[in-house]
Every structure is written in C-alpha cells, then in structure tokens.
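Written below as structure tokens is the structure these notes are about.
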Amino acid sequence: MNNFWSRIFTGALFVVAVAGSVLYSHLLFSLLFLVISLWTLYEFHRMMGVIGHYHIRHVAGIAAGLVVYTTLALVSLQWIEPRMMLVNLLLLPLLLISELYYKSPTPFRNVALNVFGIFYIVIPFALLSFFFNPTLAPTGDQPSVLLGFFILLWVYDSFAYLFGVWLGKHRLFERHSPKKSWEGLIGGFAAGFAAAFIIAGFWEEVSLLHWLVIAALVMIFGTFGDLAESMLKRSIKVKDSGSVLPGHGGLLDRFDAALLAAPAVFVYLMLFLH
C-alpha cells in the first residue's frame, strides 16, 4: 500500500510538471524534456554498465544525445532551419573515430549501444516538441495535441494499473512482464477511449476520429514500450532503471511507454493531421 501511495504522489507531481510546462510555453517544455532526456539516457548507460564485456562511452554518448535533442528542439521552436539537423549525420562517424582511441575488444558493440540509446530515448523525447506544431506551420503553436497525448497516456497507464491490481488474473506477456494482465489492458483501453471522447469535446480543432486514432496509437505502442523496457531489464537482470522516482523507479521506468508511442503518434500527425 505504501508503494501504491508513493506511485500516486510521484505520478501527480509529474502530471503537474509536464502539463504545466506544456501549457506555459513550448520553450519551457523543451527545456524540461532536455533534462529528462539526458537523465534517462544516463540511466540507460548505467544499466548497460551491468554488462561487463560492453564498454558504453558515457561522455560521448550523452554529448551526442545533447546535440541530437538540441537540434531537433530548436527546429521545433523554429529558431533554426531544418537543414541544421544535418549535423547529426556526423555523430556516428565521430563516435567511430573516438572508439579508435580505446583498447576495447568490442568497439562496434560499444558504438551500437550509444547509437541505440539516442534512437531509443533521445529522439522520441525530442519529437514531443514537434507536437506543438508538427509541420512547422506559420499559424503558431497549439499545445492541445501534446497535452492530449499525455492525458491519454496517463489515463491508460493509471487504469491499466488499477484494473490489473484489482481484477488481473490472465497474464498478458508473462515472459517479459509477469504482472501485466489482459484485464488491465482491457480496462486501460476502455478508459483511454473514453478519455479520447472527452478530449474531443474540449479541443474541437482535432476531430473525434483523429483523437480515437491517436488514443489507439498511444495505448498500443505504449503497451509495447512498457514491455520492451521490461524485456531490457530482464535481459540484464535489473529491477528498475533507477531510484529517482519513489514508486516508479527511474525516469526510464516512468516514460517507457512514451518512448514508443511518441514516434508512432508523430508519424500519424505528419501524415494525416496537417
């Protein structure tokens, strides 16, 4: 029960911080998620340190993550031209060159871990900044889609957890996450679609059909994001990615669903909502 209330309290603080930054300004949100992105990447690096025969380059990897996030965020803010993102193409060559100066038996695996961390963590977080204005239209920022994304994610996650605790009997994917249940999944989906109906009534600039599709993408890819992080932790035999969040573990534990949901929703916004 103590863990339950710690989870509720920590989750509430994150809701206030994230929702407040979305509503206050695009810049504040981007700065908040710069910190979250780099800390989450640090957690990933620390977890990979458990694998003794891999040597992930912490400084180089986090510096590369900083460059990738910053360029994407600045483009989303329309402070720099999109072509400036081309500098990110230099990061892989630079990581490979830096590896030449280390005496490691697994140089390409080391570089691969750095690159994977950027694609898995940094890019999805950076894409969230584009939700304000996915096509960089001159009409300006609209926080409704980004706030709706997080509301759907929080509602689904909360109700999936509650239904799983109260009714969960049939395991969803026991090999990777023994606590998740079909009952929790169904309860979370029902709550998520109900939330989409409510959100559509508040933000009518996006149609109900779009909100339902966004909700489906958030919940489907969010579920797989949760399972993927569980698979990662089980593969290296760690319980949590960190301990910074009481009741949740680390930031990677808290945002694992968003890491797969954000790219899916971003692609949908770019293709169908402009």
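Observations on the model:
- Entirely in region 17-125, the helices (runs of 4 or more DSSP H) that have 3 or more residues that are more than 15 Å from the chain's Cα centre (by Cα) and touching a residue at least 60 places away in the same chain (Cβ under 8 Å): 26-48
- Residue within region 91-107 that is under 26 Å from Val265 (Cβ atoms) and either at pLDDT 95 or above or not charged (D, E, K, R) (or both) present: yes
- Residue tally, condition among the polar types (S, T, N, Q) and either in contact with a helix residue (DSSP H, G or I) (Cβ under 9 Å, 6 or more places away or on another chain) or not in a helix (DSSP H, G or I) (or both), over region 231-272: 2
- Which listed residue, of Val155, Val218, Val206, is touching a residue at least 40 places away in the same chain (Cβ under 8 Å), touching a helix residue (DSSP H, G or I) at 6+ places or on another chain (Cβ under 8 Å) and not in a helix (DSSP H, G or I): Val206
- For region 85-130, taking the residues that are among the polar types (S, T, N, Q) and crowded, with 19+ Cβ neighbours inside 10 Å, the one that is farthest from Leu251 (Cα to Cα) is identified as Asn110.
- Which numbered condition Trp203 fails, given (1) in contact with a Leu (Cβ under 6 Å, 6 or more places away or on another chain); (2) surrounded by fewer than 18 Cβ atoms within 10 Å (Cβ to Cβ): (1)
- Qualifying residue in region 228-251 (condition: buried (at least 20 other Cβ atoms within 10 Å of the Cβ), farther than 25 Å from His45 by Cβ and touching a Leu at 6+ places or on another chain (Cβ under 9 Å)): no
Every residue, every condition in (1) among the aliphatic types (A, V, I, L, M); (2) within 17 Å of the chain's Cα centre (by Cα); (3) under 21 Å from Ile8 (Cα atoms), yes or no:
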{"site": "Ala228", "(1), (2), (3)": "yes, yes, no"}
{"site": "Ile236", "(1), (2), (3)": "yes, no, no"}
{"site": "Asp240", "(1), (2), (3)": "no, yes, yes"}
{"site": "Leu245", "(1), (2), (3)": "yes, yes, yes"}
{"site": "Phe255", "(1), (2), (3)": "no, yes, yes"}
{"site": "Leu260", "(1), (2), (3)": "yes, yes, no"}
{"site": "Ala264", "(1), (2), (3)": "yes, yes, no"}
{"site": "Tyr268", "(1), (2), (3)": "no, yes, no"}
{"site": "Leu273", "(1), (2), (3)": "yes, no, no"}
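- If you go through region 169-189 and keep only what is more than 21 Å from the chain's Cα centre (by Cα), under 14 Å from Ile220 (Cβ atoms) and modelled with pLDDT of 80 or more, you end up with just Ile186.
- Of all residues in region 139-152, exactly one satisfies the criterion of being farther than 15 Å from Phe29 by Cβ and at pLDDT 90 or above, namely Leu152.
- Residue in region 246-256 that is under 20 Å from Ser181 (Cβ atoms) and of a type in the set (A, V, I, L, M) present: no
The values are calculated or read from the model by the stated rules, or taken from the named source; none is laboratory data. None of these values were measured; they are calculated from a predicted model. Heads up, the Cβs are rebuilt from the backbone with ideal geometry, glycines too, and the neighbour counts pull from every protein chain shown.
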